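A short worksheet on the structure shown next.
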Amino acid sequence: MTGIKSYGAYIPWYRMERSVVYSAMGWLNPATYMAGEKAVANYDEDSVSMAVNAGMDCLKGIDRNIIDGLYFASITLPYKERLNAAIIATALDLRADIKTADFASSTKAATTALLAACDAVKAGSAKNILVCASGCPITKPGSAQEEAYGDAAAAILVGEDELICEFQGAHCLSYDFSDRWMADFDRFERLWEDRWIRDEGYNKFIPEAISALATTCNLKPKEVAKLAFPCLYVRDHAAIGKALGLEANQIQDHLLNTVGNCAAAYPLLLLVAAVEDAHPTDNIVVASYGSGSDALLFTATERIGERKGASKGVKAQLASKGKLTSYQKFVTFRDVIPVEKGIRGEMTPWEMKSLLWRNRRGYLALVGSKCKRCGTPQFPAQRVCVNPACKAIDQMEDYRFSDKKAQLFTYTEDRLAFSLNPPAIYAMLDFQGGGRNMFDLTDCESGGLKVGMPMEMSFRRKFADVSRSTYNYFWKAAPLRG
Amino acid sequence: MGTIKDKVAIIGMGCTKFGERWDAGPEDLMVEAFTEAIEDAGIEPKDIQAAWSSTQFTEVSIGVSGLPLAETLKLPFLPVTHVENMCASGSESLRGACYAVAAGVCDIALAMGVEKLKDIGYGGLPEFSLGASGKKEMLFNPNITAPGAFAMMATRYFERYNLSPEEGKLMLAKVSSKSHHNGTLNEKAHLRREAPVEAIMKAPIVAWPLGLYDCCGVSDGAAAALVVRADMAKSFRADPVYIKALQIAASSGEEIMYTDYDYTHVEPTCQAAAKAYEEAGVDNPREQISMAEVHDCFSITEAVTMEDLQFSARGKVKEDIDAGRFDLDGEQPIQPDGGLKCFGHPIGASGIRMMYEMYKQLQGKAGARQVKNPELGLTHNLGGFPPRCVISCFIVGL
């Protein structure tokens, strides 16, 4: 059997009312008005960092060593060259002898990656493949996309046993439909006329893929528990469901007004939301949109409830949020307007690639060491045990801190250190189970912390070094969510 | 184990005016401190047999090696060594000179400390990501500054002793206000204005809970000491100052990585001080140490250091601060020259500057800020952050 073994999601802590964007930029293009709010990645997040956090959610309680593939889907890849999937796999502390690939260039990339994972497992060339998808689009001020897009990531673990959903079949459509595009030198995407996209693309491709899937799998409308597909136009989203013969309660809530259109992550996030609420024997159809459409059918198994409480998923993270009320912060976070960083802010450390390679498990996977003699966990990894009563030499085994909760031992809000979201907040953390060190904090604001608070680790972009074309990643701590 | 007690004496010292010395480069500062020191000792440059120099942020001023000192002062092919131990670098330079003399390998040695910070173009210390914390560490260290690292000690101290932010900040404001007063009496000090407690409490926050006046000056400056074998000292002057103890202790990693450290004290200070007291034969530091220049990079550091040096009982420094114990006219004056807070903090020079004040005080030459009949003076120099630091502790006397 092939299917879904686990799921995970990552929705950034910040949410912004679309009216914040509209009041700042609506004067330019009054027709851009949209209701609801959207998820906004913090200044230290990007598609890779969010994918890691979704992957962490998906792998909670699962042995990392069973994973033999990591597929990453996004249209907003931080690196054009340097495999983004390999950064994610390293950060998730996966084995090295695995398949990794980036799926890109279309908002249907995530379903393509999901299908590729299912096909590989079905064919027997892999047992478990983790599929991560992430969307963190950078949008032009005043554009319709600026309001519509939101940031999020999702992860699905495809496997061959202990499945919570069984994979039944898929139908793929591929068209060179230039509704939105970016050339290799572009930062922002371009759109053709909206009405043409809606009538000739969105309203046609999705029904075509789903209808073909239904025929192949002999699936009748009333047998569908949930149909999950991206919402580009609220009215047409509902109309597509109706035209396929489905009732409103068979359509997965589209999250457009809570998360936003999270590009390649969108269909996967909706699939996670559907799986999260599924019951045994439920048929779940997920379809993507972009350069055509892929539609996949899954059926929930008797084990469907087993991940509940393990993964945070969509619902818990939707509920855990902080308000971003400043449009100026939003555009600054994505480096859309240049801001004065001062000379201190320009002092970017240099990520030395050979050093990073040598210490990759420490930096990217937050792996320290644990003394075999006295049991003391320590970060960073030590050769000589830090326990003053032990000090054993070379008696260490690897010890991963990224999945350990921690307690805020002491902290400060620093207004001298440069931060794009000041004040810079950092702390000394005591990890549950032992080990301590200082870490940057994120997803919290001035006045919101207390000594003793429970914290969790989150993978973040530490700095962007434009002069050396480097995004550097590390782990920060955030107040425990969900 | 041997001891350095009464083996080495200081016979000459010099110290520049500290401050934003836009007019002076590190070479000018070294010449200024050196000239004063040799005149004070009454010796010629050619009498010097070995030299040490200390600077922490070499990358923004003089560069590395012993060459900047040797070439600036035209020292004639001497053994000249550059040392660095973060903010305790100045004490490290002095240790090098003292050890050489104590070892009997030379008779007269020079210790110089110099730092030129005000060529970086922004406030505060040079960004650590320039390399001060090491290329490996900066990839996982938080986006940390010195105020923040010490602010975390204040956060923890307030929590542990159940002080509200207002009570805690008031305690710290008194520490800074006292040093500001002492700074007004010191013409070489960087900051020479009184700072009333109310103004300190209202100042902008730099790193919560520390505000502007909780932080020391970031200054340019240099300080120099000439040390000789103790048995020769009286041939140079009638009032040489003798080294009674010299101890250095560096964190071993347990504070930052092992969970027993409480972040309301500085362990290497406790360790270095205990050894220094033993070396100097001090059993009751609260009574026997007449005065001290401690590393008050931040107000909280000075407060905690009073406890670590056993001047105050653990958790009780607030009572001593409130009683005025550490004021210039108190029972145990601390920072008579204004301290790092107001004299300023040119990193590599600070350890020697502290000694400069103890030296002048013991000789009765401290003018308006003279402490009455001091017998033993102590310097405490801290390099790094509370959970990861190097501490030096000198005790000197006549």
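Report, by residue number, each residue of region B:280-300 that is among the small types (Gly, Ala, Ser) and assigned to a helix (DSSP H, G or I).
To start, the set of residues in region B:280-300 that are among the small types (Gly, Ala, Ser) comprises B:280-281, B:290, B:292, B:299.
Those that are among the small types (Gly, Ala, Ser) and assigned to a helix (DSSP H, G or I): B:ALA280, B:SER299.
Between a first residue in region A:437-449 that is more than 8 Å from chain B (Cβ to nearest Cβ) and a second residue that is aromatic (Phe, Trp, Tyr) and in a loop (DSSP other than H, G, I, E, B), which pairs have beta carbons less than 6 Å apart while being 6 or more apart in sequence or on different chains?
Taking only residues 6 or more apart or on different chains, the pairs are A:ASP443/A:TRP13.
When you go through A:ALA110, A:ALA101, A:ALA51, A:ALA24 one by one, which is the residue that is assigned to a helix (DSSP H, G or I), in contact with a helix residue (DSSP H, G or I) (Cβ under 8 Å, 6 or more places away or on another chain) and surrounded by fewer than 19 Cβ atoms within 10 Å (Cβ to Cβ)? Quick ask: steps written out before the conclusion?
Working: A:ALA110 fails: surrounded by fewer than 19 Cβ atoms within 10 Å (Cβ to Cβ); A:ALA101 fails: assigned to a helix (DSSP H, G or I); A:ALA51 fails: surrounded by fewer than 19 Cβ atoms within 10 Å (Cβ to Cβ).
Going through A:ALA110, A:ALA101, A:ALA51, A:ALA24 in turn, the sole match is A:ALA24.
Scan region B:57-74 for residues that are at pLDDT below 95 and surrounded by 19 or more Cβ atoms within 10 Å (Cβ to Cβ) and report the count.
Count: 5.
Of all residues in region B:225-259 being hydroxyl-bearing (Ser, Thr, Tyr) and more than 14 Å from chain A (Cβ to nearest Cβ), which is surrounded by the fewest Cβ atoms within 10 Å (Cβ to Cβ)?
Applying the filter and picking the extreme gives B:SER235.
So that you can scan it fast, the table gives a plain yes or no per residue for (1) crowded, with 24+ Cβ neighbours inside 10 Å; (2) in contact with a strand residue (DSSP E or B) (Cβ under 9 Å, 6 or more places away or on another chain); (3) closer than 23 Å to B:GLU159 by Cβ; (4) modelled with pLDDT under 95:
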site	(1), (2), (3), (4)
B:VAL304	yes, no, yes, no
B:GLU307	no, no, yes, no
B:SER350	yes, yes, no, no
B:MET354	yes, yes, no, no
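For every residue, the table says whether it meets (1) within 13 Å of chain A (Cβ to nearest Cβ); (2) buried (at least 22 other Cβ atoms within 10 Å of the Cβ); (3) not polar (S, T, N, Q).
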residue	(1), (2), (3)
B:ASN182	no, yes, no
B:GLU187	no, no, yes
B:ARG193	no, no, yes
B:PRO196	no, no, yes
B:ILE200	no, yes, yes
B:ALA207	yes, yes, yes
B:ASP214	yes, yes, yes
B:SER219	no, yes, no
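Output yes when any residue across region A:450-463 is assigned to a strand (DSSP E or B), basic (Lys, Arg), within 22 Å of the chain's Cα centre (by Cα) and at pLDDT 95 or above, and no when none is.
Within region A:450-463 (the criterion being assigned to a strand (DSSP E or B), basic (Lys, Arg), within 22 Å of the chain's Cα centre (by Cα) and at pLDDT 95 or above), the answer is yes, since at least one residue qualifies.
Against the definition (out of contact with any helix residue (DSSP H, G or I) (no Cβ under 7 Å at 6 or more places or on another chain), of a type in the set (Phe, Trp, Tyr) and either part of a loop (DSSP other than H, G, I, E, B) or outside the structural domain of A:CYS118 (by TED's automatic domain parsing) (or both)), how does A:TRP350 come out, yes or no?
Values: out of contact with any helix residue (DSSP H, G or I) (no Cβ under 7 Å at 6 or more places or on another chain): no; of a type in the set (Phe, Trp, Tyr): yes; either part of a loop (DSSP other than H, G, I, E, B) or outside the structural domain of A:CYS118 (by TED's automatic domain parsing) (or both): yes.
Judged against the criteria, A:TRP350 is not a match.
Could you check region A:436-451 and list, in sequence order, the residues that are of a type in the set (Gly, Ala, Ser) and in contact with a strand residue (DSSP E or B) (Cβ under 6 Å, 6 or more places away or on another chain)? Before the answer, list the steps.
Of the residues in region A:436-451, the ones of a type in the set (Gly, Ala, Ser) are A:446-448.
Correct list: A:SER446 only.
Would you confirm whether or not region A:400-409 contains a residue that is of a type in the set (A, V, I, L, M, F, W, C) and surrounded by fewer than 19 Cβ atoms within 10 Å (Cβ to Cβ)?
So in region A:400-409, the residues of a type in the set (A, V, I, L, M, F, W, C) come out as A:401, A:406, A:408-409.
Then drop every residue that is not surrounded by fewer than 19 Cβ atoms within 10 Å (Cβ to Cβ), which leaves none.
Checked region A:400-409: no residue is of a type in the set (A, V, I, L, M, F, W, C) and surrounded by fewer than 19 Cβ atoms within 10 Å (Cβ to Cβ).
Run down A:ASP282, A:ASP294 and say which single residue is among the charged types (D, E, K, R), closer than 12 Å to A:THR111 by Cβ and touching a residue at least 40 places away in the same chain (Cβ under 8 Å).
A:ASP294
This table checks each residue for (1) within 20 Å of A:LYS476 (Cβ to Cβ); (2) touching an Asp or Glu at 6+ places or on another chain (Cβ under 7 Å).
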| residue | (1), (2) |
| --- | --- |
| A:GLY8 | yes, yes |
| A:TYR14 | yes, no |
| A:ALA31 | no, no |
| A:SER49 | yes, no |
| A:ALA54 | yes, no |
| A:LYS80 | no, no |
| A:THR90 | yes, no |
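Quickly run through region A:113-151 and pick out the residues that are assigned to a loop (DSSP other than H, G, I, E, B), free of Cβ contacts under 8 Å to residues at least 40 places away in the same chain and not polar (S, T, N, Q). Let's see the steps before the verdict.
Step one: of region A:113-151, the residues assigned to a loop (DSSP other than H, G, I, E, B) are A:124-128, A:136-143, A:150-151.
With free of Cβ contacts under 8 Å to residues at least 40 places away in the same chain added as a condition, the list becomes A:124-125.
Once the filter is applied, which keeps residues that are assigned to a loop (DSSP other than H, G, I, E, B), free of Cβ contacts under 8 Å to residues at least 40 places away in the same chain and not polar (S, T, N, Q), region A:113-151 yields only A:GLY124.
For region A:359-396, name all the residues that are among the β-branched types (Val, Ile, Thr) and within 8 Å of chain B (Cβ to nearest Cβ). Lay out the reasoning, then the answer.
To start, the set of residues in region A:359-396 that are among the β-branched types (Val, Ile, Thr) comprises A:367, A:376, A:384, A:386, A:393.
Hits for region A:359-396 are A:THR376, A:VAL386.
In region B:1-20, which residues are crowded, with 18+ Cβ neighbours inside 10 Å and aliphatic (A, V, I, L, M)?
B:ILE4, B:VAL8, B:ALA9, B:ILE10, B:ILE11, B:MET13
Using the structure shown, decide if B:VAL105 is more than 8 Å from every other protein chain (Cβ to nearest Cβ), β-branched (Val, Ile, Thr) and in contact with an Asp or Glu (Cβ under 6 Å, 6 or more places away or on another chain).
Details: more than 8 Å from every other protein chain (Cβ to nearest Cβ): yes; β-branched (Val, Ile, Thr): yes; in contact with an Asp or Glu (Cβ under 6 Å, 6 or more places away or on another chain): no.
It is false that B:VAL105 is more than 8 Å from every other protein chain (Cβ to nearest Cβ), β-branched (Val, Ile, Thr) and in contact with an Asp or Glu (Cβ under 6 Å, 6 or more places away or on another chain).
Among the residues of region A:339-353, is any surrounded by 14 or more Cβ atoms within 10 Å (Cβ to Cβ), more than 10 Å from chain B (Cβ to nearest Cβ) and out of contact with any Leu (no Cβ under 8 Å at 6 or more places or on another chain)?
no
If I filter region A:62-84 for residues that are over 20 Å from A:ALA316 (Cβ atoms), among the aliphatic types (A, V, I, L, M) and out of contact with any helix residue (DSSP H, G or I) (no Cβ under 9 Å at 6 or more places or on another chain), do I get at least one hit?
Yes, region A:62-84 has at least one match.
So which residues in region B:111-150 are at pLDDT below 90, under 19 Å from B:VAL218 (Cα atoms) and facing chain A (nearest Cβ under 7 Å), if there are any at all?
Of everything in region B:111-150, those that are at pLDDT below 90, under 19 Å from B:VAL218 (Cα atoms) and facing chain A (nearest Cβ under 7 Å) turn out to be B:GLU127, B:SER129, B:LEU130.
Tally up the residues in region B:358-398 that are assigned to a loop (DSSP other than H, G, I, E, B) and in contact with a Pro (Cβ under 7 Å, 6 or more places away or on another chain), please. Please lay out each step first, then the result.
We begin by selecting, within region B:358-398, every residue assigned to a loop (DSSP other than H, G, I, E, B); these are B:363-366, B:370-375, B:386-387, B:398.
Of the ones still in play, those that are also in contact with a Pro (Cβ under 7 Å, 6 or more places away or on another chain) are B:366, B:371.
Total satisfying the criteria: 2.
A quick yes/no check of all residues on (1) free of Cβ contacts under 8 Å to residues at least 24 places away in the same chain; (2) surrounded by 15 or more Cβ atoms within 10 Å (Cβ to Cβ):
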| residue | (1), (2) |
| --- | --- |
| A:LYS204 | yes, yes |
| A:ALA209 | no, yes |
| A:LEU232 | no, yes |
| A:ASN249 | yes, no |
| A:VAL259 | no, yes |
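Condition check: touching a Pro at 6+ places or on another chain (Cβ under 9 Å) and not in a helix (DSSP H, G or I). Does B:TYR277 satisfy that?
no
Just checking, how many residues over region B:267-298 are within 14 Å of chain A (Cβ to nearest Cβ) and touching a Ser or Thr at 6+ places or on another chain (Cβ under 8 Å)?
Summing the residues that are within 14 Å of chain A (Cβ to nearest Cβ) and touching a Ser or Thr at 6+ places or on another chain (Cβ under 8 Å) in region B:267-298 gives 2.
Tell me, yes or no, whether region B:137-150 has at least one residue that is touching a Cys at 6+ places or on another chain (Cβ under 6 Å), closer than 30 Å to A:LEU356 by Cβ and crowded, with 22+ Cβ neighbours inside 10 Å.
There is at least one residue in region B:137-150 that is touching a Cys at 6+ places or on another chain (Cβ under 6 Å), closer than 30 Å to A:LEU356 by Cβ and crowded, with 22+ Cβ neighbours inside 10 Å.
Condition test on A:TRP192, is it touching an Asp or Glu at 6+ places or on another chain (Cβ under 7 Å), assigned by TED's automatic domain parsing to the domain that holds A:VAL272 and either surrounded by fewer than 18 Cβ atoms within 10 Å (Cβ to Cβ) or not small (Gly, Ala, Ser) (or both)?
yes
Determine whether region A:42-63 contains at least one residue that is farther than 23 Å from A:ASP403 by Cβ and more than 14 Å from the chain's Cα centre (by Cα).
Within region A:42-63, one or more residues are farther than 23 Å from A:ASP403 by Cβ and more than 14 Å from the chain's Cα centre (by Cα).
The values are calculated or read from the model by the stated rules, or taken from the named source; none is laboratory data. Remember, it's a predicted structure, so these values are computed and weren't measured experimentally. Counting neighbours? That spans all protein chains shown, and the Cβs are built from the backbone with ideal geometry, glycine included.
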